[in-house]
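Nothing in this text is a laboratory measurement; each read-out follows from the coordinates by a stated rule. Quick caveat, the model's predicted, so the values are computed rather than measured. Reconstructed Cβ throughout: ideal geometry from the backbone, glycine too, with neighbour counts over all protein chains shown.
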């Protein structure tokens, strides 16, 4: 059976489960034939309740869709992730709706999809209001990213910018404080007192 056109594949139990609590409700759900439906009974019931089209397939079909990834017997097809622009980010900052200052994660040179997924998951856990990526030299927001992110790819807004240095300069002009991190640094971020840094 051919995969649906124009939809992204999301695979793995936790990643698919997260879709039902986000705005990215799956259009189709493919479940592995056999014991998988029993193991995934809660997820299958959510799909039926949501009106998601449900079909059963041999493991080989799901293996092909997941392209070597661990699908755990389930693949969902949903609309692609919305990626926001630099101008959308600046407009959001101009009308900032929160009392606390914006917490934004800026990533440069993260080209591995597993690392990007982990960064999105960490950003979500830290309460970040968005993640900023350059359009070049960045991993694509694909099915592997969504699986590793375990729902964070749907809940944390992602902004893509053409020129990262220019975007950072605009953030500073908007009153956002920037703090750089590096893996080889001698001091941990958790050992630094950031109180009062934000002039928001």
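Observations, loosely collected:
- Our Cα-only numbers for the stretch 86-200 put the radius of gyration and Dmax at 14.2, 39 Å.
- Judged by the mean number of other Cβ atoms found within 10 Å, the most tightly packed of the peptides 28-35, 45-52 leads the ranking 28-35, 45-52.
- For the peptides 7-17, 88-98, residues were scored by their other Cβ atoms within 10 Å and the scores averaged per peptide; the highest-first order is 7-17, 88-98.
- Identified option (computed Rg and Dmax of the Cα atoms in Å; candidates (i) 16.3, 50; (ii) 17.4, 50; (iii) 19.1, 58): (iii)
- Note on residue 54 and residue 88: with the Förster distance fixed at 45 Å, the Cβ-Cβ geometry gives a FRET efficiency of about 0.80.
- Fewest neighbouring Cβ atoms within 10 Å first, the residues 53, 84 line up as 53, 84.
- Fraction of beta bridges assigned by DSSP in the chain that are antiparallel (%, nearest 5): 35
- Ellipticity at 222 nm from helices only: DSSP H runs of n ≥ 4 in the chain, each -39500 (n - 2.57), divided by the residue count, give -9500 deg cm²/dmol.
- Take every pair of alpha-carbon atoms less than 8 Å apart whose residues are at least six positions apart; their mean separation over the length of the stretch 58-200 yields a relative contact order of 24 percent.
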